[in-house]
Amino acid sequence: MRFAGIKELKHRTMNLIEASRTEDIIITAYGKPTAILHHVTEDDLADYLVENDPAFRLRVEEAAVEYAAHGGITADNLIKKLERRRGRRKA
């Protein structure tokens with residue numbers, strides 16, 4: 001992990017981006033940390049966007065509250081329920 005100031009970021013952006021492939025770079029402004037430059041792949045980006053989407057987080061939290069309030073069913077019961085539905089459609 002290394003540190004880089006705003007001025008270095010401004011003048012050596014591509015060098016810092018390349019360096020971020022092997023280590024995180026903490027960007028500082030006036031000697032205080034303000035951001036982290038961290039290399040991501042396309043898969044990492046997809047995960048990051050899902051994990052940090054406020055609407056997605058809200059839906060997960062709402063589902064957890066509903067589950068806690070009303071309970072749920074076990075995986076075995078869900079499978080049986082789905083198999084019964086599938087059986088009705090065939091008949």
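Here, each number is a calculation from the coordinates, and none is a lab measurement. Worth saying up front: this structure is predicted, and the values here are computed from it rather than measured. With ideal geometry, Cβ positions are generated from the backbone for all residues, glycine too; neighbour counts draw on all protein chains shown.
Taking all Cα-Cα distances within the chain, those exceeding 17 Å account for 70%.
Projecting the Cα atoms of Val65, Thr13, Thr34 onto the charge dipole of the chain (Cβ charges, centred on the Cα centre) puts Val65 farthest toward the positive pole. Loop-located trypsin sites (Lys or Arg not before Pro) in the range 1-62 (DSSP state not H, G, I, E or B) with no more than 14 neighbouring Cβ atoms inside 10 Å: Arg12, Arg21.
Charge dipole of the range 1-54 (Cα centre as origin; +1 on each Lys and Arg Cβ, -1 on each Asp and Glu Cβ, all else neutral): 620 debye, rounded to the nearest 20. Candidate cross-link partners of Lys32 among the aspartates and glutamates, defined by an alpha-carbon separation under 18 Å and a same-chain spacing of 8 or more, comprise Glu8, Asp24.
When the label point is put 7 Å from the Cα of Leu16 along its Cα-to-beta-carbon vector, which residues of the range 28-67 have a backbone N closer than 15 Å? Output list for this probe position: 28-39.
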